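Asker: Provided herewith is a single structure, encoded as structure tokens, for subsequent inquiry.
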Amino acid sequence: MIEGMRAGKTVLKRGDFIGRICRQVELRDFTLKEVLDRAEDEVPRHTHEDAHFLLIVGGLYITSARNVSQRCSSPTLIFNPPGTTHRDRFHTRGARFLTVSIKSDALARPPSPKDAVDHPVGFFRGEVSWLALKLYKEFREPDEMSAVVMEGLALELVGRALRSCRSPEASPPRTLQLAHQLMHDRFGEPLTVGEIARCVGSHPVYLVRAFREHYGLTVGEYLRKLRVEFACRQISRTDAPLSAIAADAGFYDQSHFTRTFKRLTGMTPTEYRAASRP
């Protein structure tokens, strides 16, 4: 709900959002709420006093956050730093979203002012989005240990999201950029390190060492991540059979796909589909 006006501006205090609160969980450093967007609620330009995440779990959302489409759907996650002013809202009214409001003490301090996140940032794939969906699943299916699990997931979400938002290191060499692009273009094929190295004109030993230094993953780990990210997009956006998605992503059988998917996302493909489209 809207709590106050300041100099003609709508200001939302910590944990306040426009819409009907369907469920709420209070943790030591976080407040989690599932909010129903209502057609009768006006969404004016407004300012959020607190830092928070917003996970879209239904509907089409219009956002000014960077790194994602202006109109995005589930399971897009958006981080809004303290003081964010916007008129972000749902294009299709009546949708739902999960919010994770962060107490100031739990917000990681940047090593220097230049590393501070001062603008909304969106995430649609990778570890940050996977963590948010795991948190939402725990939020919706609680048990006696859920508070501890959710606190840990929320803290990890803050750390990983802020790390990915901060200024990147120096650009990798041209050969690594080519290898990186080749893997994005051909992740569904049975690529080998030797073949990638030949294609970009690099020695395999150099490629393996340098790639991990710049991207934080081995070549094999990165290919696996790309395949799972592709599968996540297909699972959340289409009704295609999981076996077809596994084959298109480059997995040689369904069981291999399921094991790898769960290792990276913490959920089976079936659980991920349910969490991303409740």
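The values are calculated or read from the model by the stated rules, or taken from the named source; none is laboratory data. Values in this document were obtained by computation on a predicted structure and should not be read as measured data. Cβ: placed from backbone, ideal geometry, glycine included. Neighbour counts: every protein chain shown.
Asker: Given the structure, is LYS13 at negative phi, at pLDDT 95 or above and either within 15 Å of the chain's Cα centre (by Cα) or among the basic types (Lys, Arg) (or both)?
Answerer: Taking the combined requirement at face value, the residue does not satisfy it.
Asker: Which residues, counting only those in the stretch 171-224, are touching a residue at least 24 places away in the same chain (Cβ under 8 Å), under 26 Å from the mean Cα position of the chain (by Cα) and more than 24 Å from TYR252 (Cα to Cα)?
Answerer: PRO172, LEU176, PHE211, HIS214, TYR215
Asker: Something else: If you check ARG227, ARG186, which single one turns out to be farther than 29 Å from ASP118 by Cβ, at pLDDT 95 or above, touching a Phe, Trp or Tyr at 6+ places or on another chain (Cβ under 9 Å) and outside the structural domain of PRO75 (by TED's automatic domain parsing)?
Answerer: None of the other options fit; the residue is ARG227.
Asker: Give the residue, chosen from ALA210, ALA274, that is in a helix (DSSP H, G or I), touching a Lys or Arg at 6+ places or on another chain (Cβ under 9 Å) and surrounded by fewer than 18 Cβ atoms within 10 Å (Cβ to Cβ).
Answerer: ALA274
Asker: Could we say that ARG109 is modelled with pLDDT under 85 and closer than 14 Å to SER276 by Cα here?
Answerer: So ARG109 fails the test.
Asker: Among the residues that make up the stretch 241-251, is at least one of them polar (S, T, N, Q), closer than 22 Å to LYS134 by Cβ and assigned to a helix (DSSP H, G or I)?
Answerer: No; the residues of the stretch 241-251 include none that is polar (S, T, N, Q), closer than 22 Å to LYS134 by Cβ and assigned to a helix (DSSP H, G or I).
Asker: Of everything in the stretch 84-104 that's of a type in the set (A, V, I, L, M) and part of a strand (DSSP E or B), which residue is nearest to ARG38 (Cα to Cα)?
Answerer: For the stretch 84-104, the residue satisfying everything is LEU98.
Asker: Give the stretch 68-83 a look and list any residue that's buried (at least 19 other Cβ atoms within 10 Å of the Cβ) and part of a strand (DSSP E or B), or say none.
Answerer: CYS72, LEU77, ILE78, PHE79, ASN80
Asker: Going through the stretch 145-203 one residue at a time, which ones are outside any helix (DSSP H, G or I), among the acidic types (Asp, Glu) and under 30 Å from PHE53 (Cβ atoms)?
Answerer: Across the stretch 145-203, the qualifying residue is only GLU169.
Asker: Sticking with this structure for a sec: Of all residues being of a type in the set (D, E, K, R) and free of Cβ contacts under 8 Å to residues at least 12 places away in the same chain in the stretch 231-271, which is surrounded by the most Cβ atoms within 10 Å (Cβ to Cβ)? Just the residue, please.
Answerer: That would be LYS262.
Asker: Also, quick follow-up: Has the stretch 124-143 got at least one residue that is assigned to a loop (DSSP other than H, G, I, E, B), at pLDDT below 95 and closer than 19 Å to GLY250 by Cβ?
Answerer: Yes, there is a match, as at least one residue in the stretch 124-143 is assigned to a loop (DSSP other than H, G, I, E, B), at pLDDT below 95 and closer than 19 Å to GLY250 by Cβ.
Asker: Failed condition for PRO168, given (1) more than 21 Å from GLN70 (Cα to Cα); (2) modelled with pLDDT of 90 or more, with all others met?
Answerer: The number of the failed condition is (2).
Asker: Under 7 Å between Cβ atoms, at least 6 apart or on separate chains: pull out the pairs that start in the stretch 65-87 with a residue that is closer than 17 Å to ALA161 by Cβ and end on any residue that is of a type in the set (Asp, Glu).
Answerer: Within 7 Å, the pairs are PRO81/ASP118; PRO82/GLU49; PRO82/ASP50.
Asker: Separate question: Restricting the stretch 30-60 to residues that are surrounded by fewer than 18 Cβ atoms within 10 Å (Cβ to Cβ) and more than 17 Å from ASN80 (Cβ to Cβ), which is modelled with the highest pLDDT?
Answerer: The extreme case among them is LEU36.
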